[in-house]
Amino acid sequence: MPVTTPCPPSDRPASLGQLPPFPKVALKVLQLLSAPETETRELVQTLSSDPGFASELLRYANSPLFGVPQQIKTVRSAVVVLGRERLRAITMTVAMSSFLSAPFRNQIFHRCWQHSLATALLATGLASVCEDQSPDESYTAGLLHDTGKFAWLVLHPKQYLGLLRTEWEDPLNCLEKEHKLFGMDHCQAGRWLLEDWGLPPEIVHPAFCHHDAPHAMPLNTVKLVNLACRLATALGFDTLRTRSDLTLQEITALLPEQCLGDFALHPEHLREALSTKIASLAGSA
């Protein structure tokens, strides 16, 4: 996994510091999950310290989005049954939904949230059929890959909505415009925020590189998220209209061979399955 050099503070737009604080309970849980010696008791106590967050975590855990085979009724059961990687994935889903508070939500916001969820689910599916790839890590990276886009929606809603409503020749043209307007594009902004929240490079790097050309990338989380993002767009879960978007056939040609059965042959079934899972969380974000 390539390692990004931390973004120098002098290069970070001051406006990013004006974002609402990321949920403290989520950051604490992430810190605990990164420490191998953390006990179940500590995770349960931390999650239980915020009843609203704990309630949302249980709702997400029992939704079709994650497909947990048994009903989870308590925070302790969630910690025990889910395991660390899936608990991190669900914690980040709840935290992002909370972080992106209601006053900033509109139709385009919902399209961006649907795109992030679709990318996360597709990245999970790709990782699950690829040897040595973590489905839960891929889910988290996919969910957070457009964090910078949400930052611009919150901080500069009118300007950014105008960009997202424009049809672009190429996504890179939109990134250039973002840089001119806000001091950095959403890939750079996402990288800065994820680093600031203390997330590991395997989550940060896909956010920074999800618009890079995937053709020569090695098979890792960065490539899986990159392909999942493009696949989500091709299936109709898009956030930006561009004339150069890859077709399903072109994306299929880039998929690892072991993924072709599930992701290349039945796009309608895949679109329907994604819609059903995302709809199960209607109203959560």
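Quick look at the numbers
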| read-out | value |
| --- | --- |
| Condition check for Arg165: of a type in the set (Lys, Arg), assigned by TED's automatic domain parsing to the domain that holds Trp197 and in contact with an Asp or Glu (Cβ under 9 Å, 6 or more places away or on another chain) | no |
| Contacts under 7 angstrom Cβ, first residue in the range 87-113 being over 15 Å from Ala54 (Cα atoms) and outside any helix (DSSP H, G or I), partner at pLDDT 90 or above and not aliphatic (A, V, I, L, M), 6 or more apart | Leu100/Phe150 |
| Leading residue by the ranking (surrounded by the fewest Cβ atoms within 10 Å (Cβ to Cβ)) among those in the range 53-62 that are within 14 Å of Leu82 (Cβ to Cβ) and without any contact (Cβ under 8 Å) to a residue 40 or more places away in the chain | Asn62 |
| Only one of Lys223, Lys180, Lys149 that is assigned to a helix (DSSP H, G or I), of a type outside the set (A, V, I, L, M, F, W, C), surrounded by fewer than 16 Cβ atoms within 10 Å (Cβ to Cβ) and at pLDDT 90 or above | Lys180 |
| Scan of the range 137-170 for residues that are closer than 30 Å to Glu257 by Cβ and under 11 Å from the mean Cα position of the chain (by Cα), ordered by number | Glu137, Ser138, Tyr139, Thr140, Ala141, Gly142, Leu143, Leu144, His145, Asp146 |
| Index of the failed condition, Leu270 passing every other in (1) closer than 28 Å to Trp152 by Cα; (2) part of a helix (DSSP H, G or I); (3) touching an Asp or Glu at 6+ places or on another chain (Cβ under 8 Å) | (1) |
| Conditions (1) part of a loop (DSSP other than H, G, I, E, B); (2) surrounded by fewer than 18 Cβ atoms within 10 Å (Cβ to Cβ); (3) at pLDDT 90 or above; number of the one not met by His211 | (2) |
| Filter result (part of a loop (DSSP other than H, G, I, E, B), without any contact (Cβ under 8 Å) to a residue 40 or more places away in the chain and out of contact with any helix residue (DSSP H, G or I) (no Cβ under 6 Å at 6 or more places or on another chain)) within the range 22-52 | Ala35, Pro36, Glu37, Glu39, Ser49 |
| Single unsatisfied condition, Gln133 versus (1) part of a helix (DSSP H, G or I); (2) within 20 Å of the chain's Cα centre (by Cα); (3) within 28 Å of Asn220 (Cα to Cα); (4) not hydrophobic (A, V, I, L, M, F, W, C) | (1) |
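Residue-by-condition table, conditions (1) surrounded by fewer than 17 Cβ atoms within 10 Å (Cβ to Cβ); (2) at pLDDT 85 or above:
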position	(1), (2)
Arg243	yes, no
Ile251	no, yes
Glu257	yes, no
Leu270	no, yes
Ala273	yes, yes
Thr276	yes, yes
Ala279	yes, yes
Ala285	no, no
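The values are calculated or read from the model by the stated rules, or taken from the named source; none is laboratory data. Nothing here was measured: the structure is a model prediction, and the numbers come from that model. Using ideal geometry, Cβ is built from the backbone for each residue, glycine included, and neighbour counts are taken over all protein chains shown.
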